[in-house]
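The structure appears right after this line, and notes come after that.
The values are calculated or read from the model by the stated rules, or taken from the named source; none is laboratory data. Remember, predicted model here, so these are calculated numbers, not experimental data. Heads up, the Cβs are rebuilt from the backbone with ideal geometry, glycines too, and the neighbour counts pull from every protein chain shown.
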């Protein structure tokens, strides 16, 4: 059975309901299964974005897939509710802490980056000192990147930083939180990838309600670009354009729509479910009995 490092209540308690009442979405489940098979064979590290209006069944689809394919496969998985976090690096810190508890992994790059950033920020006690030190931000960023990014990752990192005009970001003090988030995301992603490689294991990561963090986000794009040995499935209402523009070779978007009347009738007939009219009739009978 799959090693449940962390899951949310929805995935954990709804297995009986999923097995008895989940119907349809065969094509979507087949797409997820095909990508998962490629992932298990080491052919890819897929990123899947499940989109659709609120209440259409995005999390329900992911839960069905996790319970029917991921858990039986035996690989560890983590489920994250993104609404509980305010940045990509905060999600990664939480994931790294879970992996530390489970596998005793080391986060040496993250620890080194955090130590250097703390040293830099703690040296700024006044506004004058802050302005003076702001001139050194570029050199400190270069120092941290050299410290945390191995040579084989550097091209990927630099391509994302160039896209987001990282050099320009460093000239505005208001961007320091964004710069810190990017640096910590880089360090943690490489630490997690390296740990999974050393452990010889793969990881399935499900991120639910990702609308807040999936907007154009350099930290998230760095995470997507650098993470290896991991399949990621995310749920959100809309997939932003940057996903299509920059991750079209690596990502798959599954767009859910509501069933139309004909499909509902076909599903009801196939699975011996009550139709909408029959459901109303049954409900009315129950209400009359109560009276």
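Here are some notes:
- Subset of the stretch 45-90 that is more than 16 Å from the chain's Cα centre (by Cα) and part of a loop (DSSP other than H, G, I, E, B) - its residue that is surrounded by the most Cβ atoms within 10 Å (Cβ to Cβ): 57
- Residues that are crowded, with 20+ Cβ neighbours inside 10 Å and out of contact with any helix residue (DSSP H, G or I) (no Cβ under 6 Å at 6 or more places or on another chain) within the stretch 204-216 comprise 205, 214, listed in sequence order.
- Restricting 181, 152 to those that are surrounded by 15 or more Cβ atoms within 10 Å (Cβ to Cβ) and either assigned by TED's automatic domain parsing to the domain that holds residue 112 or part of a helix (DSSP H, G or I) (or both) reduces the list to 181.
- Test: residue 74 is modelled with pLDDT under 90 and under 22 Å from residue 196 (Cβ atoms): yes
- Residue check, residue 222 touching a helix residue (DSSP H, G or I) at 6+ places or on another chain (Cβ under 9 Å), more than 19 Å from residue 147 (Cβ to Cβ) and assigned by TED's automatic domain parsing to the domain that holds residue 39: no
- Answer from 61, 18 - the residue that is assigned by TED's automatic domain parsing to the domain that holds residue 256, at pLDDT 90 or above and in contact with a helix residue (DSSP H, G or I) (Cβ under 8 Å, 6 or more places away or on another chain): 61
- Any chance residue 112 is in a helix (DSSP H, G or I), modelled with pLDDT of 85 or more, more than 30 Å from residue 235 (Cα to Cα) and out of contact with any helix residue (DSSP H, G or I) (no Cβ under 7 Å at 6 or more places or on another chain): no
- Yes/no for residue 118 being at pLDDT 80 or above and in contact with a helix residue (DSSP H, G or I) (Cβ under 6 Å, 6 or more places away or on another chain): no
- Hey, residue 145 farther than 18 Å from residue 218 by Cβ, in contact with a helix residue (DSSP H, G or I) (Cβ under 9 Å, 6 or more places away or on another chain), at pLDDT 85 or above and not assigned by TED's automatic domain parsing to the domain that holds residue 210 or not: no
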